[in-house]
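K.L.:
Mind looking over this structure? Questions follow.
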Amino acid sequence: MAGLLCLAQQGFGSAEADWVSPPRSGASAFVINQRLGRGINILSLDPIWRERERGWFKREYFRLIREAGFSHVRINLTPFGDNPGFAEGKSPLRKEYLETLDWAIDGALAEGLLVVVDFHEFTLLGENPEAYKAAFLKTWEILAARLKNRPAGVLFELLNEPNSKLTPSLWNEYMREALEVVRKTNPNRIVVIGPGNWNNIDKLSELKLPADDTNIIVTVHYYSPYEFTHQGAAFAGRADKLGIRWGTDADRRAVISDFDRAQKWAEEHRRPIYLGEFGVYDKAPEPDRTDWLRFVAREAERRGWSWAYWQFTRDFVAFDIQTGQWVRPVLEAIIPPPPQTQPAQAQ
């Protein structure tokens, strides 16, 4: 970790100066990654993308996110689903859709939060990469041109969790083409790129990044062991798989081993690491769920990684939009409350 942190400090000004100004030659991905710090995923499948007034997410939530101790948001975009006909070349990205993206970025930046703009249409690309490749590249052409004057604290994530038929080797091809599209209008923008097989740590060795592009942060996701983190989740085919425990010494050593492999790769390739997703489904037993969250978050931080919890609302919930309150056990596991100070004793 010391080697990577040292790189973040070589020849650059303050972290703040490097993220509030437009991207410039020499701005460090390591500095930006440090500034990302702790984050949370937002706006996944929110009806706000279709109609602003129907949205779950409200403008004041950006303030609540900052006040809770987060320093960035990862905005999950599904441009094909939210722009019917676009992927088939029948319609453009809707004006209202792009304006909602502007609204979200503006709201986050106004609260001092960095932003990761995440292309989250991973299932369609995984199922049929060839059919959706042109729309994938066109999306980045449009987004990159629209956001080219945004400050350096707005990052682009090319694709969430490449998988299935979008194999690690094929993803290397698609990733390079998408990066070339972005670099035409954003030559110095920090771009987030992860390995294949669902951003799996074990596939880092197959990720082939352009050696001459240092404006890249590498992302991995972590939900291991899956039978624990996704127990009770119908969408994962585990609705009736409940009561699975976590927390033995062996369980903890497995996390350490996984993260050590990623850290070794990061140091060998001189790339910062962003844990872009981690979480435990709501039906896992307590205190195992919060113990896992706490342990994973602290192990990521111990290695100098930034991270983003999955997710603000819907499932894996950190914030209850019905009550307008944080789910305290989850929040306090990933962001420990400050220690209580004892009042001074009267002499």
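A short reminder: the numbers here are calculations on the coordinates, not readings from a lab. In this text the structure is predicted, and so the values were computed from the model without any measurement. For neighbour counting, all protein chains shown are included, and Cβ atoms are generated from backbone atoms with ideal geometry for every residue, glycine included.
K.L.:
Can you list residues from other chains, or at least 5 along the same chain, whose modelled amide H is less than 5 Å from the amide H of Ser44?
P.N.:
Asn76
K.L.:
Based on the alpha-carbon gyration tensor of segment 61-130 and its eigenvalue square roots a ≥ b ≥ c, which shape applies: rounded if a/c is under 1.5, prolate if not and a/b is larger than b/c, or oblate?
P.N.:
oblate
K.L.:
Summing Lys, Arg as +1 and Asp, Glu as -1, what charge do residues with Cβ under 13 Å from the Cβ of Pro337 carry, Pro337 excluded?
P.N.:
The answer is 0.
K.L.:
Tell me, what ³J(HN,Hα) does each residue in segment 282-291 have, in order and in whole Hz, if you take phi through Karplus 6.51 cos²θ - 1.76 cosθ + 1.60 with θ = phi - 60° and put x for Gly and Pro?
P.N.:
Using θ = phi - 60°, the values come out as 4, 8, 5, x, 9, x, 4, 4, 6, 4 Hz.
K.L.:
Right, something else. For every other residue with a beta carbon closer than 15 angstrom to the beta carbon of Glu161, add +1 if it is Lys or Arg and -1 if Asp or Glu, then tell me the sum.
P.N.:
Summing Lys/Arg as +1 and Asp/Glu as -1 gives -4.
K.L.:
Using a Cα-Cα cut-off of under 12 Å, which aspartates and glutamates could be cross-linked to Lys165, ignoring same-chain neighbours fewer than 8 residues away?
P.N.:
In chain and number order, the partners are Glu127, Glu130.
K.L.:
Same structure, new question: Taking neighbour counts of Cβ atoms within 10 Å as a proxy for exposure, in what order, fewest first, do Tyr309, Tyr281 appear?
P.N.:
Tyr281, Tyr309
K.L.:
Between rounded, prolate and oblate, where does segment 79-212 land on the alpha carbon gyration tensor, with a ≥ b ≥ c its root eigenvalues, rounded for a/c under 1.5, else prolate if a/b exceeds b/c?
P.N.:
oblate
K.L.:
Rounded to the nearest 20 debye, what is the charge dipole size of segment 2-334 about its Cα centre when +1 sits on each Lys and Arg Cβ and -1 on each Asp and Glu Cβ?
P.N.:
460 debye
K.L.:
Further, regarding this structure: List, in the order given, every pair from Lys133/Lys264; Lys58/Lys203; Lys133/Lys283; Lys133/Lys208; Lys133/Lys241 whose Cα-Cα distance in the structure shown is over 27 Å.
P.N.:
Lys133/Lys264; Lys58/Lys203; Lys133/Lys283; Lys133/Lys241
K.L.:
With each run of n ≥ 4 DSSP H residues scored as -39500 (n - 2.57), what mean residue ellipticity at 222 nm is computed for the chain after dividing by its residue count and rounding to the nearest 500 deg cm²/dmol?
P.N.:
-12000 deg cm²/dmol
K.L.:
How high is the relative contact order of segment 96-234? Use alpha-carbon pairs under 8 Å, at least six apart in sequence, and give a whole percent.
P.N.:
22 percent.
K.L.:
Counting only DSSP beta bridges with both residues in the chain, tell me the antiparallel percent, nearest 5.
P.N.:
Around 5 percent of the beta bridges assigned by DSSP in the chain are antiparallel ones.
K.L.:
Which residue fluctuates the most in the chain, going by a Gaussian network model with Cα springs under 10 Å, if the choices are Val192, Val327, Val218?
P.N.:
Val327
K.L.:
Of Asp106, Asp249, Asp288, which is the most mobile in a GNM of the chain whose springs link Cα atoms less than 10 angstrom apart?
P.N.:
Per the Cα network of the chain with a 10 Å cutoff, Asp249 tops the list.
K.L.:
Something else: Apply the Karplus parameterisation 6.51 cos²θ - 1.76 cosθ + 1.60, with θ equal to phi minus 60°, to every residue of segment 228-233 and state each ³J(HN,Hα) to the nearest whole Hz, in sequence, with x for glycine and proline.
P.N.:
7, 5, 10, 5, x, 8
K.L.:
Follow-up. Could you pull out every one of the lysines with an alpha carbon less than 19 Å from that of Lys148, ignoring same-chain neighbours closer than 8 positions?
P.N.:
Cross-link targets: Lys95, Lys138, Lys184.
K.L.:
To continue, here is another question. Normalising by the residue count of segment 2-334, find the relative contact order in percent from Cα pairs under 8 Å and 6+ residues apart.
P.N.:
Worked out over segment 2-334, it gives 18 percent.
K.L.:
What is the fewest-to-most order of Asp213, Asp46 by other Cβ atoms lying within 10 Å of their Cβ?
P.N.:
By the 10 Å Cβ count, ascending, the order reads Asp213, Asp46.
K.L.:
Is the C-alpha gyration tensor of the chain telling us rounded, prolate or oblate? Criteria: a/c under 1.5 is rounded; beyond that, a/b larger than b/c is prolate, otherwise oblate.
P.N.:
Note, shape of the chain comes out rounded.
K.L.:
Now for a different question. How large is ³J(HN,Hα) for each residue in segment 270-281, as worked out from phi by the Karplus curve 6.51 cos²θ - 1.76 cosθ + 1.60 (θ = phi - 60°), to whole Hz, x for Gly and Pro?
P.N.:
6, 10, x, 10, 10, 7, x, 8, 6, x, 10, 4
K.L.:
For Ser224, Ser205, Ser44, which order do you get if you count the other beta carbons within 10 Å of each Cβ and list the fewest first?
P.N.:
Taking fewest neighbouring Cβ atoms as first place, the list is Ser205, Ser224, Ser44.
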